Each structure stands twice: as C-alpha cells, then as structure tokens.
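Undergrad: First the structure, which I've put down as structure tokens, then a few questions once you've had a look.
The values are calculated or read from the model by the stated rules, or taken from the named source; none is laboratory data. Fair warning: this is a prediction, and the values are worked out from it, not measured in the lab. Virtual Cβ from ideal backbone geometry, glycine too; neighbours counted across all protein chains shown. Heads up: the accessible areas ignore ligands, DNA and RNA and are worked out on the full protein's heavy atoms, side chains in. Shrake-Rupley method; radii C 1.70, N 1.55, O 1.52, S 1.80 Å.
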Amino acid sequence: MKKFQRVTTYLPFLFLTITLLSCQDEFEEVTLSEETTAITLSSVTATLMKNTATKDGSFDNIVDGASCIDIKFPYTVTVNGLDVIIDSLEDLQVIEQVFDAAQDDENILEIIFPITITQADFTEIALNGLEEFRKLAAECTEGGADEDIECIDFIYPITLFTFDVDLEQTGSIVAENDKDLRLFFSGLKEGDLASVDFPISLKLYDGTSIEVNSNEELTRTLEGARDACDEDDDDDYNDDDFDKERLNNYLTECPWFVREVKRDGRLQTEQYVGYLMNFATDGTVTVRNGDDADLNGSWGTSVSDKGILVQLNFDTLVDFNLEWLIYDIGEGKIKLYESPENRIIMHSACDIYSNSPDNLRALLIECSWIIKRVKNNGSQINRLLGYEFQFKPDGVVTLSNRETVSEGAWEITTNQEGRLVMAIVMGEEPSVSFEWLLSDLEDRRLQFNIEGTRYEIILVRDCEAQDEEDKDVGFLTTIFNETEWKIAYAEENGDDTTQMYDDVALYMDRNGSLEVRSLNGEVYSTGIWFAYRNAEFKLELIIAFSPGSNYLPLANDYVLLDIAENRLELKHQNDGGGYDKLILER
C-alpha cells in the first residue's frame, strides 16, 4: 500500500460527527470543548477515514481484474462459451468453477456490454464497450498497493457535524454505511470543518472490536490497521489464500488420482490413467500404478515469491520430477504448474477411499443415472449409450431405454484397500454386471473401472430439479417438440458422411424419445436423447438408438457447440483423438 503523505493535520478545535441527511436548517446545537479537535478535508484523519470507507472492488476481480471498481449486478458474462448471469457473489463462484473445470487452463471470459461500474467513491458510470472499461480498469493500482484500508471497518451508525470557519455548526448527518461516509466527505470543501461524535467503534479483520474516543486514537488505529492483513487485491482467483501448512495437510490427508500429465508440451495422460499418489508426512510419496505396483519417491514444499512450490523426485516417474508451482487448490483438486508445457492435475480420492459407503449409496438412490460410456475390454458398448439406471433402496436396480427394462441387484461395499465398490448383478445385461471400483466422483458424474483392465463405466446424473435450474437444458426441451430436424452435416472421424442421411430426418420429443423417419414419415428407427451439463459446465447431448439400428454411427455423447432455435452444432471426440460432428437444422 502507498504511504499517505502527512498533510497539515489537526486544527486545535473540535471533532464530533455526521450522517447523510444533508445540511439542515434545524439541528441540535453541539457543545464544544477545548479538548476536541476539528478535521479538515485534507487532514490525515479525514484521508484515513475516506480510505477506510472506500468501496472495495476486489471481490469481482475474476471478472474485471480491477480492485478499484466493481460491476453492478446484474450483468452477463460468457465463460468458456457458457453464458452466466451474475446477480450475486455466489454467481461469481460459478465462474471459478467453470475455470477450474477446464482441463487446459486456457480460460476465456467476455463481459457483455452495456454494464454499470461502481468506483471506489461509490460513483456509478455506465459503460457501453470494452475500450471504455479498459481505460477505467487501467487506473487501478493492484497487488495491495492501492490506498484503501480493508483490514478494519467502521461500525455504524456514526454521527458527524460540520462547522464554518467561525466554528458555527452548519449541519449534521448520521452515516449508516461506508457509502454515506464517503459521500459526506465528497460534499466538504476546502476550509470546511467537521467533527465526529465520539466514542465510535471499529472492527478489525479478525473480528476484534475497538472503541476510540478521539481523533488521535482514531488516526493511530487506522494507521496501524493499514497493513495488518492480506487484502488479496489481485485477480489470482486460484490462490485461495492457502499457505505451506495448509498444502502439506491437504496433500497428506487423502490419496490423489492423477488426472492429467503434460510434460515438455506433450500430453502424457494416457499412460498415467488410474495412477494413485500417496503423500506421507515423512516426505515420502508412493505412486500405485494400474498394475498395483508401487513406485516410491520423495516430496517437499517451499515458499517462493511466486507462491507455494512442491518438489517431486522419482527414480522412474521422470515426467513428475520438477519443482511445481501450486497453481490451484479447489474442492478435491490440485493443479501443479511449471510452464505452459508442464503441468499435472490431481483429484482427491477422499470420497473414493471410505470406510462408509453410505454417501455413495445415497447419491445413487437420489436420482436416476444415465450411461455416458461403458467399455468392456476397451470396446465401447454403443447400444447401452443413454440407458437409465434406477438404484432403489431395497437393493434392486433397473436398466431401461424406455422400451425394455432389465432388473438386477446392487450394493456398495469397500475392497481390502478401503476403496468404494459398486457391485451390479444383472443376468440380462452382462456388460454392466461387475464389481466396479469408484475412480471419480463429481457432482454430476460418477466414473468406475476395474483396476488393471480396460473396463469402464461413466454415469451422469438425471434429476428433474437439476434440469429445471439449467435454462439451456430447458431450452432444448422446448425446441425438441416432435418437429423435423434434418441432418445438414455429418462427419465421422473426419470423413463427410452427410449423404448417408439425405433421405431421413430426426424427430425428437421433449420426453426424451426420438425417431428416424423417412421424408414420407415412415419410422426407420427409434432411440432416446438426454441433455445435461458436464463436469466442465459444457452442455452435452447424448443421442442413442435401439440395438441393431442402422443409425448407430450417429449415437454419441456430443458437446453442443452452438444452440439456436433452428440449428444445433454438435461435436464428439473419439478415443483416438478424432472427431465426429453433427449439424441439425429445421
């Protein structure tokens, strides 16, 4: 923070207090005493009071990157392609969640203009474009070097009085908040005198209350609080104010699944899928690979100007051997970063290794679950795409595609290592009848596998309340009203296959059913569709067809790239890195 230049300070007069009722013709006369001292607009006390009552704009730095302004609610931003309406502090957390969910850390945020910004003195300015915004944001001083004092706050109400040069009282106000106090000082002119009605109380950043009884006490208190805490005036939303001790505790609290490894600019994730890291308090780290072999190494943390660093050393896992910056600590996630070419993303296995299966059991029972992917020995079982599981409290599980229903039994247990297992027995559907190890647990998504094999199943949650809250999912249900959707473009692994579908159209009903019809209306095939918001907050659309359908090549879990009333653009990434694309028009 900048140190304030001490201007001519106190006039040997009085110091009482005021509130934003403007100057009044009638007011209670204040009795002055020789000990009281008046303050002027340029005095140290007035400057400190103004800076303490300054509006702190750092709370929305994830959007504007500027601590001396904030954007007035409501407004809209586009975050990695997702429109987000910001109408509360909680909505700002949604932006961070979208950023954290992006695996490549290349986040794009666009502010939709016009907006209204509030400055440090509570002045509001309407802005119509990015250049105007950038000009104002550039005037802010970041990194905690600005003049506002955030480590202490006034406890309101506070009464203030004004006087002329002849010490005649000219007005009084009662400030109910920081805005009132700032506007009071904004209304003073050079030569005007003011006083505070002592005693007044202030609250420190740690919750401690302080009572002051004079100008001198107030000045000392505000000066002492100037650098008493970390104001967190930066746009590094990822720092989450963690320290070395918190990081050490976080790393050793639970095992960590390796979710992504990028080294020297090349993604190495595939060879580390299922690797589990155990950090011990003695500085050793053990990594268990997919074959249940343990690889041993060491770890340690240190503090640098950039932040907290963690050093990893292994004899065999050379891709992990670096001094990594802790770029992000989120809920159940840690991102290690060295450069754009080197990073590791880990997810906590706290919920996966548990002595109590009750939480997972309750989660499965709460809603139905849609199959996003199921693989047996590496081969994807496309005919089960979009099928719905219903896990019932009595241990019965059903699997349905709205036409057929299979029934079986299920339970949640733990294996010898304490890892949660979902056991399904369904004689009519052997492709799902396994003891599945939980490998990832997120709010909308569950992933299971069979360790040491290429068996995998991914489920996404289907709750009515969840769909009602998502406006994009709701929009799809309104345009899928059994109208004709033509396949304007289809691509399979880079090959244009549009002509294969020239003579058919899709008819999707809002209840989740679909039909492939000829141009004359004859039904060639039936299927289902399901829309949901994925873990990266992108909208996905599952399209599936009945077993034996000629249209199974169109069956996929697509990401919706563009949504309009008469046009949908979808893309699916295949395991080999290629893409399937689909454009529907009506």
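Undergrad: Which one, LEU364, ILE412, ASN376, is farthest towards the positive end of the dipole of the stretch 349-452 when Lys and Arg carry +1 and Asp and Glu -1 on their Cβ?
TA: About the Cα centre, the residue reaching furthest to the positive side is ASN376.
Undergrad: Give me the one-decimal nm value for the distance between modelled label points at THR252 and TYR156, 7 Å along each residue's Cα-to-Cβ direction.
TA: Going by the 7 Å Cα→Cβ label model, 4.7 nm.
Undergrad: Of LYS262/LYS538; LYS372/LYS538; LYS262/LYS471; LYS55/LYS306; LYS135/LYS262, which sit over 26 Å apart, Cα to Cα?
TA: Exceeds cut-off: LYS262/LYS471; LYS55/LYS306; LYS135/LYS262.
Undergrad: Then there's this: Taking +1 at the Cβ of each Lys and Arg and -1 at the Cβ of each Asp and Glu, which of GLY191, THR284, GLY171 sits farthest along the dipole of the chain towards its positive end, judged by Cα position relative to the Cα centre?
TA: Working it through, the farthest residue towards the positive pole turns out to be THR284.
Undergrad: If you take the charge dipole of the chain about its Cα centre, with +1 on Lys and Arg Cβ and -1 on Asp and Glu Cβ, which of PRO393, GLN271, THR40 is farthest toward its positive end?
TA: GLN271
Undergrad: Another question, then. Provide the solvent-accessible area of GLU428, counting protein heavy atoms only and rolling a 1.4 Å probe, rounded to the nearest 10 Å².
TA: Its heavy atoms expose roughly 130 Å² to the probe.
Undergrad: Assigning unit charges at the beta carbon (Lys, Arg +1; Asp, Glu -1) and nothing else, what dipole magnitude in debye, to the nearest 20, does the chain show about its Cα centre? Intermediate values should be presented prior to the final figure.
TA: Working: 47 positive and 118 negative charges, 362 e Å.
About 1740 debye.
Undergrad: Based on the inverse mean of 1/r over its pairs of different Cα atoms, what is the Kirkwood hydrodynamic radius of the chain, in Å? List each step's numbers first, then the result.
TA: Values: mean 1/r = 0.0351 Å⁻¹.
One over the average 1/r among Cα pairs gives 28.5 Å for the chain.
Undergrad: With each run of n ≥ 4 DSSP H residues scored as -39500 (n - 2.57), what mean residue ellipticity at 222 nm is computed for the chain after dividing by its residue count and rounding to the nearest 500 deg cm²/dmol? Don't skip to the end; give the middle numbers.
TA: Values: 10 runs with 88 residues, N = 586.
Calculated at 222 nm, the ellipticity per residue is -4000 deg cm²/dmol.
Undergrad: Let me ask you something else. Give the carbon-plus-sulfur fraction of the accessible surface of the chain in %, rounded to a whole number; probe 1.4 Å, heavy atoms of protein chains only.
TA: Details: 12570 of 28080 Å².
Its accessible area is 45 percent carbon and sulfur atoms.
Undergrad: In square angstrom, rounded to the nearest 10, how much accessible surface does LYS244 have for a 1.4 Å probe?
TA: Estimated to the nearest 10 Å², LYS244 gives 80 Å².
Undergrad: Here's another thing I want to ask about it. If contacts are Cα pairs under 8 angstrom and at least 6 residues apart, what is the relative contact order of the stretch 354-486 in percent? Don't skip to the end; give the middle numbers.
TA: Details: 232 pairs, mean separation 28.9, N = 133.
Computed over the stretch 354-486, the figure is 22 percent.
Undergrad: Follow-up question, since we're still on this one. If you average the sequence gap of Cα pairs under 8 Å that are 6 or more apart and divide by the length of the chain, what percent do you get for the contact order? If you can, show how the numbers build up before the last one.
TA: Values: 1275 pairs, mean separation 53.4, N = 586.
Relative contact order comes out at 9 percent.
Undergrad: Can I ask one more? Skipping prolines and chain starts, which residues have an amide H placed within reach, meaning under 5 Å, of the one on ILE200, given they are 5 or more residues away or on another chain?
TA: VAL212
Undergrad: At 1.4 Å probe size, what's the solvent-accessible area of SER186? Round to the nearest 10 Å².
TA: In the full protein context, SER186 sits at about 80 Å².
Undergrad: Continuing with the same structure: How much accessible area per residue does the chain have, in Å², with a 1.4 Å probe?
TA: Working: 28080 Å² over 586 residues.
With all protein chains present, the chain gives 48 Å² per residue.
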